[in-house]
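The next block holds one structure in the form of structure tokens; read it before the comments.
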Amino acid sequence: MFAKINSLGLFGLNAFNVDVEIEISRGIPAFDIVGLPDLVVKESRERIKASMRCCNIEFPVAKVMVNLAPAGTRKSGSVHDIAILVAVLKAAGYIKENLDSCCFIGELSLNGTLRPIEGVLPMVLLARETGFKSVFVPKDNAFEASVAEGIEIYAAESVSQILDHFTMRTRIEKQPKFIPENKPENYTFDFSDVKGQKTAKAALEIAAAGGHNALLIGTPGSGKSMLAKRMPSILPEMTFEESIETTKIHSVAGRLQNNTGLISKRPFRDPHHTISTVAMTGGGSYPQPGEISLAHNGILFLDELPEFNRSVLEVLRQPLEDRKITISRVKSNVEYPASFMLVASMNPCPCGYYNHPTKACVCSPGQVQKYLNRISGPLLDRIDLQIEVVPVPFEKMSDAHPGEASSIIRERVISARQIQENRYADIPGVYCNAQMSSKLLSLYARPDDKGLALLKNAMNRLNLSARAYDRILKVARTIADLENSDLIQPSHLAEAIGYRNLDREDWAG
């Protein structure tokens, strides 16, 4: 007796089709699984037998051979449990219905109930593209799977429920399609809570408007972390495509809650400075996304930047340029998207009070320079805005009037982003000024003669690199967009140059 059931596998963000082929024949009773299964897949034999016993279904007393095709692709995890079980039921004659248009993914427990798995969304999207009409998933994964349009989702709670569905006893109702809510996001942190810090708030508005990386430098208690945590409240809402991309990554990483169909709020990731290189970039035997991919379409906040391991900081250089990360293994490569805004904060010196208006710094100039040298020049070059955050005086701190609300700042940011979207509408992969290539800079960020003279003077005086030159032009383009100016004025360039604090020769004495 032979049967073939459709299933799906996952490697990285890439789903692939798996044919679960089964043959039940005479011979010494055995249950073997071939087709490059890992240990978890092989253990599904015990889960299948136990769940069938709990549901009063007799396992065939025969030689049972299961092949997971294509045989040359490694299969991992418990995603194939349900498909193998349905294949047994089909080959043993319990199910008569044609299942060619159906697909099965999910894990079995010993009592016959279905357990949720990771990475359901990318697998269901592939099932739709392949032409399957329906997918059977565990009930806890139903909300996530319902995001996919054009395919029927059936959420099952147990093996008995699946068997009843195909024997016409009790049909499983189709999962309703996910409909995104249009209600505005509520943010815990708002810029109206920030007293003073006019320059820092203006710089972060520019960063949000152009998708630029930013570094906040200031003494302890000056408000660096407070400012950074309010950044999500002024970013534009995610598009549907961005939500799908972000949800797929968090689904593969197992970070989605059962009642979450689609991530609509931009991620804000703030790993501790003790994080390892693998946790930051992603990896493992079966590569999982790291923090830089979990921050895709959102913000990666690194508090106390010099305290991070240097090797961890250096791996950020390539993703900041290419907006993706490739994890290489002996037999395969996995590519994860990593288009994020880097927002970091740091003290200016080991004691934290260099340049403080009232407290004296106890560090020598050499100690200050050594502390700053923990961040390499190439990484600093990739940070567009370096903002000095000064302590707020008592008069402003005690002011009862709230500051400008995030909703007002967000409107200006959205207007600037709309200008950029229209400008780059015909250019794939470019949505904001931070993503401009050198060719696009020459088209859309070319200053006039006066601006070029100003920029030349700054390049010579600060000894800036070619990458810093490009970053200044990108920031100036964003400042011009915020002012709804088609041309980059010298004042825009001067403001952009002013945000290169760490490039000033006199900054660290």
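The values are calculated or read from the model by the stated rules, or taken from the named source; none is laboratory data. Because the structure is predicted, anything quoted here is derived from the model rather than measured. Backbone-built Cβ (ideal geometry, glycine too); neighbour counts: all protein chains shown. Note: accessible area is taken over every heavy atom of the protein model, side chains too, but ligands, DNA and RNA are not part of it. Shrake-Rupley method; radii C 1.70, N 1.55, O 1.52, S 1.80 Å.
Just to verify a number: FRET efficiency for residue 494 and residue 439, C-beta to C-beta distance, R0 = 22 Å, to 0.05?
Details: r = 25 Å, r/R0 = 1.15.
So, using R0 = 22 Å, E works out to roughly 0.30.
Which of the peptides 114-121, 51-58, 282-289 is most tightly packed, and how do the rest follow, judged by the mean count of other Cβ atoms within 10 Å per residue? Numbers along the way, then the final one.
On the way: 114-121: 23.2, 51-58: 16.0, 282-289: 18.6.
The densest-packed peptide leads the list: 114-121, 282-289, 51-58.
Starting from one equal scatterer on each C-alpha and no solvent at all, send me the Debye-based log10 I(q)/I(0) for the range 272-415 at q = 0.10, 0.21 Å⁻¹, two decimals.
-0.49, -1.27
With charges set only on the Cβ (+1 for Lys and Arg, -1 for Asp and Glu), what does the dipole of the range 1-43 come to about its Cα centre, in debye to the nearest 20?
Values: 3 positive and 6 negative charges, 17 e Å.
The dipole magnitude comes to about 80 debye.
Please work out how much length the chain gains when fully extended from residue 179 to residue 456, using 0.36 nm per residue of separation minus the C-alpha to C-alpha distance, in nm with one decimal. It would help to have the intermediate numbers written out before the result.
Values: separation 277, 0.36 × 277 = 99.72 nm, distance 5.31 nm.
The residue 179-residue 456 span can extend by a further 94.4 nm.
Quick one: with all protein chains in place, what share of the accessible area of the chain is carbon or sulfur, to the nearest percent (1.4 Å probe)?
On the way: 11680 of 23290 Å².
Answer for the chain: carbon and sulfur cover 50 percent of the accessible area.
Roughly what percent of Cα-Cα pairs across the range 36-171 reach past 20 Å?
Numbers: 4050 of 9180 pairs.
Tail of P(r) above 20 Å: 44 percent of Cα pairs.
At 7 Å along Cα-to-Cβ for each site, give me the label-to-label distance between residue 199 and residue 275 in nm.
Once both label points are built, they end up 2.9 nm from each other.
Please find the FRET efficiency linking residue 39 to residue 14, where r is the Cβ-Cβ separation and R0 is fixed at 22 Å, and quote it to the nearest 0.05. Intermediate results must be reported in sequence, preceding the final value.
Values: r = 22 Å, r/R0 = 1.00.
The calculated FRET efficiency here is 0.50.
Excluding residues fewer than 8 places away in the same chain, name every one of the lysines whose C-alpha is closer than 22 Å to that of residue 439.
Straight-line reach from residue 439, under 22 Å: 324, 450, 456, 474.
For residue 330 and residue 169, FRET efficiency with R0 = 56 Å and r from the beta-carbon atoms, rounded to 0.05?
Numbers: r = 49 Å, r/R0 = 0.88.
Computed FRET efficiency for residue 169 and residue 330 comes out at 0.70.
Would you indicate which of [x] -0.27, -0.37, -0.62; [y] -0.41, -0.54, -0.80; [z] -0.38, -0.49, -0.73 is the value of log10 I(q)/I(0) by the Debye sum over Cα atoms at q = 0.06, 0.07, 0.09 Å⁻¹ derived from the coordinates of this structure?
[z]
Give me the three principal axis extents of the range 284-361 from the C-alpha atoms, as integers in angstrom, largest value leading.
Computed over the range 284-361, the largest-to-smallest principal extents equal 58, 24, 18 Å.
Given the Cα-Cα distance of residue 96 and residue 110 and 0.36 nm per residue of separation, how much length would full extension add, in nm?
Working: separation 14, 0.36 × 14 = 5.04 nm, distance 2.50 nm.
Length gained between residue 96 and residue 110: 2.5 nm.
Can you work out the accessible area per residue across the chain, with the rest of the protein chains kept in place, probe 1.4 Å, in square angstrom?
Working: 23290 Å² over 509 residues.
It amounts to 46 Å² per residue over the chain.
Which of the lysines could be linked to residue 359 by a straight reach, that is with a Cα gap under 25 Å, when you skip same-chain ones fewer than 8 residues away?
Answer for residue 359, where 25 Å is the Cα cut-off: 195, 198, 201, 224, 370, 396, listed by chain and number.
Suppose the chain between residue 314 and residue 469 were pulled fully straight at 0.36 nm per residue; how much longer would it get relative to their current alpha carbon spacing?
Extra length available between residue 314 and residue 469 comes to 53.7 nm.
Mind checking which lysines have their C-alpha under 20 Å from residue 63, skipping anything on the same chain fewer than 8 residues away?
4, 42, 49, 90
Calculated from DSSP H runs of 4 or more alone, at -39500 (n - 2.57) each and per residue, what is the 222 nm mean residue ellipticity of the chain, nearest 500?
The per-residue figure over the chain is -10000 deg cm²/dmol.
How are the alpha carbon pair distances in the range 103-218 distributed across 5 Å bins from zero to the largest one, expressed in percent?
All Cα pairs considered, the percentages come to 2, 10, 15, 14, 11, 7, 6, 7, 8, 7, 6, 3, 2, 1.
Along Cα→Cβ, 7 Å out, is where each label goes; now give me the distance between the ones at residue 376 and residue 241 in nm to one decimal.
3.3
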